[in-house]
Amino acid sequence: MPWWDKMRTILLNVEYDGTAYSGWQIQPDLPTVQGVVESALKQILGCEVRIHSSSRTDAGVHARDMVVHFRTGSTLPLTAFREGANAFLPDDVVIREVREMPEDFHARYSSTGKWYRYTLYNAEVRSPLACRTSWHLRGRLDLALMKEAASMLVGEHDFQAFRTTGCVAKSTVREIYQVDVTAEQEFIYLDFRGSGFLRNMVRMLVGTIAEIGQGRRPLGDMEKLLRGESGLSSGATAPAQGLCLQEVWYETISAP
């Protein structure tokens, strides 16, 4: 049997604190999450391996469940991929789960949706314990207005106004399944569930919703931005550290 018939598709669920990294994707001479995961896998496989991710988080963004896959001819048991790689990973990155998938599985192209959470810390005094994982905003925020602005995003829309320079997506139309705005003491959570997101889209949506909650722009601006009215720009892009990729969804897939 030729070697390529023995190749396995391995899925990894990776959790990380993105504070120390220049994003997920490998970049020359910069620390990236992809770089440290590939380096750890090389230690146990004895050869270079290229992993393919479901998303490409920016510098400072975190993930509770980044799904990635790679192809290998190794016969190592699944536990060895997790325990072995984790032994070589830094404390801020961990492989939580490993599964073997069908040959045609792809972490990005097989995905049916994603869930991102953005965390605001709404208090007069900053929190050293929350500074790596939230955006500190002083002053009262109108939660009812923020919820109303968020509800306008549900459905299929053209999010041209909510993508950053450098976004190369062929289409700016995305479907948002659900947006929730909830408060828990000083924390406000904005949860975005959708088919996919443009580069910096969630952070730009958060910046716009926050400005509406602060009373710095009218609620109607959200609808106008979705309609693509000229002369109107989105709110400031919210800082990276408040964003976390919570989950990536797939159709039910049976292991080979």
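Roughly to the nearest percent, how much of the accessible area of region 179-256 is carbon and sulfur, given a 1.4 Å probe? C and S atoms contribute 43 percent here. Over every Cα atom in region 90-131, the radius of gyration and the widest Cα-Cα span, Dmax, amount to 17.7, 52 Å. When the solvent-accessible area of region 1-107 is split by element, carbon and sulfur atoms take up 50 percent of it, the probe being 1.4 Å. Length gained on full extension, residue 186 to residue 104, computed as 0.36 nm times the residue gap minus the Cα-Cα distance: 25.1 nm.
Computed with a 1.4 Å probe over protein heavy atoms only, the accessible surface of the chain comes to 51 Å² per residue.
Would you mind telling me the share, in percent, of accessible area of region 108-148 contributed by carbon and sulfur at probe 1.4 angstrom?
About 52 percent, which is the carbon plus sulfur part of the accessible surface.
Computed with a 1.4 Å probe on the full set of protein chains, the accessible area for residue 124 sits at about 120 Å². Taking all protein chains as shown and a probe of 1.4 angstrom, residue 148 keeps an accessible surface of around 90 Å². When the alpha carbon gyration tensor of the chain is reduced to an equivalent ellipsoid, the three semi-axes, largest first, read 36, 20, 15 Å. Under 28 Å of direct C-alpha separation, and excluding same-chain neighbours fewer than eight residues apart, residue 42 reaches these lysines: 6. Every pair of different Cα atoms in region 1-149 enters the Kirkwood calculation, which places the hydrodynamic radius at 17.3 Å. Local charge sum around residue 212 (other residues, Cβ-Cβ under 14 Å, Lys/Arg +1, Asp/Glu -1)? For residues surrounding residue 212, the net value is 0.
Once the cut-off is 17 Å, how many percent of the Cα-Cα pairs in region 99-185 end up in the long-distance tail? For region 99-185, the share of Cα pairs beyond 17 Å comes to 67 percent. Structural descriptor for region 1-102: relative contact order 43 percent, calculated from alpha carbon pairs under 8 angstrom and at least 6 residues apart. Against the longest alpha carbon principal axis of the chain, how many degrees, from 0 to 90 and to the nearest 10, is the axis of helix 33-45 turned? The helix 33-45 is inclined about 10 degrees to the chain.
In plain terms, the C-alpha convex hull of region 104-254 casts an average shadow of 10.2 nm² when viewed from every direction. Taking 29 Å as the straight-line reach from the Cα of residue 170, the lysines in range (excluding those fewer than 8 positions away in the same chain) are 114, 224. For the residues 226, 143, a 1.4 Å probe over the protein chains yields an accessible-area ranking, largest first, of 143, 226.
In percent, rounded to a whole number, the relative contact order of the chain is 23, using alpha-carbon pairs under 8 Å and six or more apart. What the pair-distance distribution of region 189-256 shows, using all Cα-Cα distances binned every 5 Å from zero, is 3, 14, 22, 22, 15, 10, 6, 4, 3, 2, 1 percent.
The relative contact order of region 188-256 comes to 36 percent, based on Cα pairs under 8 Å that sit 6 or more residues apart.
Could you tell me the calculated FRET efficiency between residue 8 and residue 30, based on Cβ-Cβ distance and R0 = 30 angstrom, to the nearest 0.05?
The computed FRET efficiency comes out at 0.50.
The values are calculated or read from the model by the stated rules, or taken from the named source; none is laboratory data. Everything numeric here is computed off the predicted structure, so don't read it as measured data. Ideal geometry is used to build each Cβ from the backbone, glycine not excepted, and the neighbour counts take in all protein chains shown. What goes into the accessible areas is simple: the full protein's heavy atoms, side chains included, and nothing from ligands, DNA or RNA. Shrake-Rupley method; radii C 1.70, N 1.55, O 1.52, S 1.80 Å.
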